[in-house]
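Written below as structure tokens is the structure these notes are about.
Where a number appears in this text, it was derived from the coordinates with a stated rule and is not lab data. Everything numeric here is computed off the predicted structure, so don't read it as measured data. Note that each Cβ is placed from the backbone with ideal geometry, even for glycine, and that neighbours are counted across all protein chains shown.
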Amino acid sequence: MSHVDTLARELGPIVHTDAERLARHGRDHWMLAEIDAFEGAPRALPLAVIEPTSTNEVARALALCRALRVPVVPYGGGSGVCGAIQPEIGAVALSTRALAGLRRLDATDLLAVYGAGTMGGDAERLLEPHGLTLGHWPQSIELSTVGGWVATRASGQYSTAYGNVEDLVLALEVVLADGTVLRTRETPRAAAGPDLRQLFLGSEGTLGVVTEVTFSVRARPAATRGQAFHFASFAGGLEPIRRALRGGFAPPVARLYDARESRRNFRDFVPQGRALLLLLHEGPASVVPCELEHVERLCREAGGVPTDAAVVDQWLARRNHVPSFRSFLEQGVVVDTIEVAATWSRVGALYDGVVAALSAVPGVLAATAHSSHSYRSGTCLYFSFAAKPDDPRRLRETYTACWQAAMQATLAAGGGIAHHHGIGRVRRPYLAAELGDAGLGVLRAVKRALDPDGLLNPGNLIP
Ligand SMILES: Cc1cc2nc3c(=O)[nH]c(=O)nc-3n(C[C@H](O)[C@H](O)[C@H](O)COP(=O)(O)OP(=O)(O)OC[C@H]3O[C@@H](n4cnc5c(N)ncnc54)[C@H](O)[C@@H]3O)c2cc1C
């Protein structure tokens, strides 16, 4: 009897083998997978898609797959952009999508408990009638699941005030490779040894399957106001962000675009050659004007020239729109985004180094960046590149060369190689340099301890 037959017999109707579902669960939004599909390259599909409807079913599925030595690739929304989902031959996909919905809401403790397969947009809409919000707005909110956010250490567009997913998760339920269920305690903080939630935040399906996520939610803000300025240089525009955070102010949105991105996206609001800073202030009605005025002063002191705040509304209206990769490939152009991070004193060298390294790759048409998630000690730079190789059959080589250039330049500038998209397969060759030998040794030891047979998402994340 084949493994699929055994899985179907033991697990019943949650095991699916229809071709459309297998194809849908065979990849994520990684550009290289898109190139393969565009070029018609053959790729492995999962043997089956398992769609458990409860934690118990996940536990039974994982225990059975372990007994059969069948690799398992957890699958949320499939919106990852790093090639974290690419089932090896003989693997099954485990979709979390039937583990969906708001299971409990406590308006006093501000807790919202979701099944891990709840789509981000649904999670937010379920809070709306209660005057609450997650405060987590990734651009992919309608494409991704709350469990996927945990597994990739996702960031939302409002993270500068509200934090990234690791700051919003209060407790987790995770099924381990042998079917054991781990639940972390629902408590606002603990000094009870290492924080076990952190093991699974960013584990990208390699250490367990997240089945339930408890968020600490927040009241919807009473007031919201935007403002915008443009600056003579990118570095000049970073300065008021740094100073605002240092002074204890945290606008949820503080996005600074370099001159090329400013013109590309906001032509009507910014003169040629200037870097545009968008700011959104949110919070209690008495606090918002105070923050707005203080940050406005910092911007003017740094040489910022105010522009129409309607540009913030334009950004809000279009912020989740992304053109399809396919439309670029059809023009012989490969594009991607690469988000990295550095402390303030290194950001200038990081920006210059990565733009120069990308621009030196043959065929590169544009290499640009914006700063989108900031901290007291540094910021994220989100680079975009577009390249058109002379020979259209060299899309893959050009893409890989761009990533290599950007990763090496990031490391040379002392930056961190991944701010929020994760490692997957695209960054895996650079993880050893990021973590160092000792760090990689610890990660491998954790993997061996939690998944000794190496069955959870093999080939992903860990070099
Ligand atoms: C247009 C677009 C915009 C994006 N914008 C953002 C953004 O603003 N911020 C951001 O952080 N990211 C963004 N991303 C990337 C992506 O949406 C995030 O990485 C997201 O968190 C992935 O969630 P998912 O449910 O789609 O996970 P998937 O793509 O299904 O999986 C991602 C990884 O997590 C694992 N995994 C998924 N669910 C679980 C689970 N329950 N338990 C264990 N492992 C699991 C998978 O095995 C895989 O390794 C964007 C992507 C796209 C396509």
*With each pseudo-label sitting 7 Å past Cα toward Cβ, what's the Thr180-Glu128 distance in nm, one decimal?*
4.2
*Mind jotting down a quarter of the surface of the convex hull over the alpha carbons of the chain, in square nanometres, one decimal?*
22.0
*According to a simple spin-label model (label point 7 Å from Cα along Cα-to-Cβ), what is the distance in nm between Asp268 and Met1?*
6.5
_Relative contact order %, region 325-426, counting alpha carbon pairs below 8 Å whose residues are six or more apart_ = 38
_Please report, in whole Å³, the volume per residue of the convex hull around the C-alpha atoms of region 405-463._
82
*For region 1-55, divide the Cα radius of gyration by the Kirkwood radius and give the resulting Rg/Rh value with two decimals.*
1.08
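What is the projected area of the convex hull of the Cα atoms of region 102-219, averaged over all directions, in nm²?
Its average projected convex-hull area is 7.1 nm².
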_Farthest toward positive dipole pole in the chain [+1 Lys/Arg, -1 Asp/Glu at C-beta], among His29, Ala349, Ala433_ = Ala349
_With only alpha-carbon atoms in the gyration tensor, what are the semi-axes of the equivalent ellipsoid for region 325-426, in Å, largest first?_
25, 13, 11
_Proxy reagent accessibility, fewest Cβ within 10 Å first, across His29, His321, His230, His3_ = His321, His3, His29, His230
*Just need the relative contact order of the chain here, percent rounded to a whole number, with Cα pairs under 8 Å and 6+ apart.*
16
_Virtual paramagnetic centre 7 Å along Cα→Cβ of Asp106, amide N under 15 Å, in region 163-178_ = 169-173
_Label-point separation, Ile89 to Gln331 (7 Å along Cα→Cβ), nm_ = 3.9
*Given 0.36 nm per residue, what is the gain on full extension from Arg318 to Asp391 after removing their alpha carbon distance, in nm?*
22.9 nm
*Does anything in region 160-174 have its amide N under 11 Å from the 7 Å Cα→Cβ label point of Asp195, and if so which residues?*
164-171
*Sites Ala360 and Ala235, calculated FRET efficiency, Cβ-Cβ separation with R0 22 Å, nearest 0.05*: 0.55
_Helical mean residue ellipticity (222 nm; -39500 (n - 2.57) per DSSP H run of 4+; nearest 500) of the chain_ = -10500 deg cm²/dmol
*asked:* Under 4 °C and 1.567 mPa s, how fast does region 223-318 diffuse according to Stokes-Einstein, given a Kirkwood radius computed over C-alpha pairs? Answer in µm²/s, whole number.
replied: 99
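Report, in debye and to the nearest 20, how large the dipole of region 286-417 comes out about its Cα centre when Lys and Arg carry +1 and Asp and Glu carry -1 on their Cβ.
Values: 11 positive and 13 negative charges, 63 e Å.
Using only the charged Cβ atoms, the result is roughly 300 debye.
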*Specify the inter-centroid distance of region 409-439 and region 294-348, based on alpha-carbon positions, in whole Å.*
23
